[in-house]
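Data block below; observations after.
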Amino acid sequence: MKLFSTVRSSAENGIGAKANEIHTSVNGDNTMRFSSSPRGWMARLSTVLLGLSACALPIADAVGQAIYPSKPIRLIVPFPPGGGTDMIARTVAQKMADQNKWSVIVDNRPGAGGNLGVDAAAKSPADGYTLVMGQTSNLAINPTLYPKLPYDPIKDLVPVALVSSSPIVMAAPANSRFKTFADVVAASKGKPDALTLGYSGNGTVAHLAGELAENAAGIQLRHIPYKGAAQAMTDLVGGQIDLYMSSVPTLLGQVRNGKLKVLAITSAKRSSQLPDVPTLAESGYKGFEAVTWFGILAPTGTPAPIVAQLNKAINAALQQPDVADKLRSEGGDVLGGSAEQFGQLLRAEVPRWGKIVKDSGASLD
């Protein structure tokens, strides 16, 4: 259905020539006749065109407002409910819904290290009604870690907005003899596998951040991969392992109750939740940074105006004090920014983490 029709007119011998009559047809039924006077013809034509223009503007505005969103927006979280990614997604989704009077539904699709949920989003219609909360692992690490990934994060997804980032920390039991990362390095130099380092899963950001720290310091620790954080926490607090790499939220409770202590943090700057813990860069490893970042993406082909509208809504949500406080309370840093900035980061992080995966020899076994 055409929203606008074209009004055609003809004038013989130029604009100043007399026109015997002008016909404007609507659906072929109605004919409007005007005076043959040139002055009357021009005046009446101008009136009609102005009237059409005035009518067209509200129609265009009404149509623009009805295009998006006209139904609930689904935000896929590729991990189970209750985790860090889920918390971030729900916090932002709720604020977007509240501020814009939208319906934003969080849809948990866990499995295969986050690949199932990301793949579901990548294969959804590119209409702005399906989004996904991606992160470093399933967008930058998994393309190299998994031999056959069902999606290409660069080709199949369009970045909408970065949301937050979370550093990795190296922790030890509260009664450990180690107080700093320098102590770990001193105890490990020339003694491969003398100390044990735990983390949840091969190829995770925590695992690879540990590898980067070892390489930077020139040491070798004995790696103990766990299937989840629960058993790892039990072993770390009990002293069965010497060190553990994990995100801030996983360890924060045990640190606050005095059962664990943090030796170093992998972000470029100190955490607001752990202000007394030095970064690895401050510990002598200039430029060291390894963080988990989180961002919202849409299927490739999603119209640019919709991406821009979503980006604006996400940034507005992140600027609210309650949202920022919630993310920071879990050890994260609020990011935001343009879709283009997210795209630049993603294009840089995929090859960067791919090289780290290859150099580490990480596998899913």
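The values are calculated or read from the model by the stated rules, or taken from the named source; none is laboratory data. This one's a predicted model, so the numbers in the text were calculated from it and none came from an experiment. Note: ideal-geometry Cβ built from the backbone for every residue, glycine included; neighbour counts use all protein chains shown. Areas reflect the complete protein model, heavy atoms only, side chains present, ligands, DNA and RNA absent. Shrake-Rupley method; radii C 1.70, N 1.55, O 1.52, S 1.80 Å.
Values for this structure:
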| quantity | calculated |
| --- | --- |
| Tensor-based shape of segment 82-176 (alpha-carbon gyration tensor, a/c under 1.5 rounded, otherwise prolate or oblate) | oblate |
| Sulfur and carbon atoms: percent of accessible area, segment 253-342 [1.4 Å] | 51 |
| Surface accessible to a 1.4 Å probe, per residue, for the residues of segment 246-365, Å² | 47 |
| Ordering of 73-80, 292-299, 320-327 by packing [mean C-beta count within 10 Å, highest first] | 292-299, 73-80, 320-327 |
| FRET efficiency for LYS71 and GLN231, using Cβ-Cβ distance with R0 set to 35 Å, rounded to 0.05 | 0.25 |
| Prolate/oblate/rounded call for segment 221-356, Cα gyration tensor, a/c under 1.5 rounded | prolate |
| Relative packing of peptides 200-208, 352-360, 92-100 - highest average C-beta neighbours within 10 Å first | 200-208, 92-100, 352-360 |
| Accessible carbon and sulfur surface of segment 171-226 relative to its total accessible area, %, 1.4 Å | 51 |
| Solvent accessible area, Å² - GLU282, 1.4 Å probe, full protein context | 110 |
| ARG347 paired with LYS123, simple spin-label distance in nm, labels 7 Å along Cα-to-beta-carbon | 2.8 |
| Sorted peptide list for 256-268, 164-176, criterion being average Cβ within 10 angstrom, highest first | 164-176, 256-268 |
| Prolate/oblate/rounded call for segment 287-330, Cα gyration tensor, a/c under 1.5 rounded | oblate |
